[in-house]
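Working notes, structure below.
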Amino acid sequence: MDLASLIREIPDFPVKGILFRDLTTLMRDPAAFREAVDALVRPYRGTQVDVVAAIESRGFIFAGAVAYQLGAGFVPIRKPGKLPAETIRVEYTLEYGSNILEMHRDAIKPGQRVLLVDDLLATGGSARAAVQLIERLGGQVIGIAFLVNLTALKGVDNLAGYAVYSVLDM
């Protein structure tokens, strides 16, 4: 299935000069969504994954399904003020500004094997921040999986030293 053909491109969103990849057009197609999730899971079948962590918000959509298929727990990584218990936080830069991510302080136990999942890899800033949170809690990042890797933005370079997997390189 040609998953890339189901991704809508929206110019100048969220700011002028950014070409946004809208995955909702892929997700609304049942066969495409199933294929996307299966493709994200495939490299990790037979691997011990204790927790799947995901970055707010589109990453949640894929990571929940991945966690379910792998029999793993799910940990949300969110923007400030969205988590009710004590959190840890990290500030990071992205292609059009900066942001903060938070995770519950008790979300990951030391030594847990964590797969980080997000919808799209651009510059790698948010994924790098998420890795920092996971490792600060003692988690072992066993992989970082994306549905889409925007290769021109070289986000993989920001994740050097980690096993990065993407279903689609665009």
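The values are calculated or read from the model by the stated rules, or taken from the named source; none is laboratory data. The shown structure was predicted, so the numbers you read here are calculated from the model rather than taken from an experiment. Using ideal geometry, Cβ is built from the backbone for each residue, glycine included, and neighbour counts are taken over all protein chains shown.
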I'm trying to understand the selection: among the residues of the stretch 97-117, which are at pLDDT 95 or above and either under 22 Å from Gly17 (Cβ atoms) or part of a loop (DSSP other than H, G, I, E, B) (or both)? Arg105, Asp106, Ala107, Ile108, Lys109, Pro110, Gly111, Gln112
Please go through the stretch 38-64 and pick out each residue that is touching a residue at least 40 places away in the same chain (Cβ under 8 Å) and not aliphatic (A, V, I, L, M). Pro43, Tyr44, Thr47, Gln48, Asp50, Glu56, Arg58, Gly59, Phe62
Answer with yes or no whether Arg78 is surrounded by 18 or more Cβ atoms within 10 Å (Cβ to Cβ) and of a type in the set (Lys, Arg). yes
Listed by first then second residue, the pairs whose first member lies in the stretch 119-130 and is on the phi > 0 side of the Ramachandran plot, whose partner is aliphatic (A, V, I, L, M) and surrounded by fewer than 22 Cβ atoms within 10 Å (Cβ to Cβ), with beta carbons under 6 Å and at least 6 positions apart or on separate chains, are Gly124/Leu159
If I filter the stretch 135-144 down to residues being surrounded by fewer than 23 Cβ atoms within 10 Å (Cβ to Cβ) and in contact (Cβ under 8 Å) with a residue 60 or more places away in the chain, which single residue comes out as nearest to Val41 (Cα to Cα)? Gly143
What residue, among those in the stretch 1-33 that are among the aliphatic types (A, V, I, L, M) and in contact with a Ser or Thr (Cβ under 8 Å, 6 or more places away or on another chain), is nearest to Ala152 (Cα to Cα)? Ile7
Which one of these does Val90 not meet: (1) in contact (Cβ under 8 Å) with a residue 40 or more places away in the chain; (2) within 26 Å of Ile7 (Cα to Cα)? (2)
Pairs where the first residue, in the stretch 104-116, is surrounded by fewer than 11 Cβ atoms within 10 Å (Cβ to Cβ) and the second is not in a loop (DSSP other than H, G, I, E, B), C-beta under 8 Å, 6+ apart: Gly111/Gln140
Answer yes if at least one residue in the stretch 77-86 is among the charged types (D, E, K, R), more than 18 Å from Arg105 (Cβ to Cβ) and touching a strand residue (DSSP E or B) at 6+ places or on another chain (Cβ under 9 Å), and no otherwise. no
Select from the stretch 58-96 the residues that are of a type in the set (Val, Ile, Thr) and either modelled with pLDDT under 95 or under 16 Å from Asp118 (Cα atoms) (or both) and list them in ascending order. Ile61, Val66, Val75, Ile77, Thr93
Inside the stretch 151-170, can you point out the residues that are free of Cβ contacts under 8 Å to residues at least 24 places away in the same chain, outside any helix (DSSP H, G or I) and closer than 18 Å to Ala4 by Cβ? Asp169
Exactly one of these conditions fails for Gln69: (1) over 22 Å from Pro14 (Cα atoms); (2) in contact (Cβ under 8 Å) with a residue 24 or more places away in the chain; (3) out of contact with any helix residue (DSSP H, G or I) (no Cβ under 7 Å at 6 or more places or on another chain). Give me its number. (3)
